[in-house]
1. Anything in the range 16-48 that is surrounded by 13 or more Cβ atoms within 10 Å (Cβ to Cβ), out of contact with any Lys or Arg (no Cβ under 9 Å at 6 or more places or on another chain) and polar (S, T, N, Q)? List them, or say none.
2. Is it true that Q274 is polar (S, T, N, Q) and part of a helix (DSSP H, G or I)?
3. Step by step: first the residues of the range 220-278, then only those that are under 18 Å from the mean Cα position of the chain (by Cα), farther than 26 Å from A294 by Cα and in contact (Cβ under 8 Å) with a residue 60 or more places away in the chain, then the one that is surrounded by the fewest Cβ atoms within 10 Å (Cβ to Cβ). Which residue is that?
4. Kindly evaluate E316 against the criterion of being more than 30 Å from R150 (Cα to Cα), out of contact with any Asp or Glu (no Cβ under 8 Å at 6 or more places or on another chain) and of a type in the set (D, E, K, R).
5. Could you pull out the residue among A58, A72, A8 that is more than 8 Å from the ligand (Cβ to nearest atom), buried (at least 24 other Cβ atoms within 10 Å of the Cβ) and within 23 Å of V157 (Cβ to Cβ)?
6. Counting only residues that are touching a strand residue (DSSP E or B) at 6+ places or on another chain (Cβ under 8 Å) and not in a loop (DSSP other than H, G, I, E, B), which one in the range 191-205 is farthest from A77 (Cα to Cα)?
7. Among what's in the range 41-55 and is more than 22 Å from the chain's Cα centre (by Cα) and within 13 Å of the ligand (Cβ to nearest atom), pick the residue that is farthest from N296 (Cα to Cα).
Amino acid sequence: MADKKIIAVVGATGAQGGGLVRAIMADPASGFTARAITRDVNSDKAKALAALGAEVVAADVNDVESLKKAFAGAHGAFCVTFFWDHFSPEKEMAQAKAMADAATAAGVKHVVWSSLEDTRKWVPLSDNRMPTLQGQYKVPHFDAKGEADRFFKASGVPATILLTSFYWDNFVAFGMGPKKGPDGVLGITMPMGDKKLPGIAAEDIGRCAFGIFKQGPAMAGKTVGIAGDHLTGAQMAAAMSKAIGQPVRYNDVPPEVYRSFGFPGADDLGNMFQFKRDFEADFCGARSLETSRALNPALQNFEAWLSANASRIPLE
Ligand SMILES: NC(=O)c1ccc[n+]([C@@H]2O[C@H](COP(=O)([O-])OP(=O)(O)OC[C@H]3O[C@@H](n4cnc5c(N)ncnc54)[C@H](OP(=O)(O)O)[C@@H]3O)[C@@H](O)[C@H]2O)c1
């Protein structure tokens, strides 16, 4: 253990960080070990990571001093923020800065920062195709992450910027699963037109991040996008129909209709889908399936994810 390179993992009890801890601990010959960071070392999820052999330590991304302690002695750090816990881009940026500062203070050799595009580079605030949200964002949960890239670039710590994709797990647990229409037929609703949506099994994000750490600081300064498949809504609905054994239709709605659905964050997600639809070539182009598979040979495509997870999709 003592001679292994420690990867300190923020969000270790969550989707992205959890996948990374599990990937590291499943590969004892890699020379890496995981330090799982959580606010509550006594939670069942934290204990499950300890049971895999991971070191579990307490820190809070709102507390830079706690992060410095959690990153001390680590070779690498995986940094992620939690937009949907608070819906605040400013908070997300402050947390990213705290992680970049802590990584610098701790002398970490390689950071992987889980980011997304700052969509304002494609859709400036003056572009009225979609509303400006929270005063200065188009897609708040994307823009803040993209803007926060600069903290890692300026930190001097070798950093790889990881562009993640839509989790297919959203069909299970984020309220995006198929819903019955008035005719009783299930449908998935996304304002994507006939454009392709890069998607990924959440568990594969951590596995790809592990691939980046294994390649080493030579990956520093690079931006790497990952996805398990690029599929249209119609293709996803067809695959889902096959996997669950009943018809699922794809409901394409205009982004303004999606924005008006009224659930918390509907406007942010409506703008997000519109951005992915309108800039399909750039967004898919930034997420190479080949690169993702090279980082993570176990990468699942949508069909593989469905065959393992279709039974978990709630059918309302
Ligand atoms: N859903 C998608 O399709 C998608 C796609 C791409 C990117 N994303 C982004 O993914 C991010 C969330 O990552 P995730 O899905 O891995 O998160 P997650 O599964 O919700 O897990 C978050 C974990 O982070 C920890 N956490 C929360 N607040 C913390 C704090 N203040 N300090 C330290 N730890 C804290 C919690 O652990 P403890 O309670 O144990 O501390 C929690 O288990 C979001 O910013 C979202 O925008 C989502």
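Taken together, the values in this text are just the output of simple stated rules run on the coordinates, not laboratory data. All of these numbers come straight from a predicted model, not from anything done at the bench. Cβ: placed from backbone, ideal geometry, glycine included. Neighbour counts: every protein chain shown.
1. Once the filter is applied, which keeps residues that are surrounded by 13 or more Cβ atoms within 10 Å (Cβ to Cβ), out of contact with any Lys or Arg (no Cβ under 9 Å at 6 or more places or on another chain) and polar (S, T, N, Q), the range 16-48 yields Q16, S43.
2. Yes, satisfied.
3. G265
4. yes
5. On inspection, the qualifying residue turns out to be A8.
6. Top of the filtered list is K196.
7. Going residue by residue through the range 41-55, those that are more than 22 Å from the chain's Cα centre (by Cα) are 41-44, 47, 50-53, 55.
If we keep only those that are within 13 Å of the ligand (Cβ to nearest atom) too, we end up with 41-44, 47, 50.
Working: V41: 29, N42: 31, S43: 29, D44: 28, K47: 26, A50: 24 Å.
The selected residue is N42.
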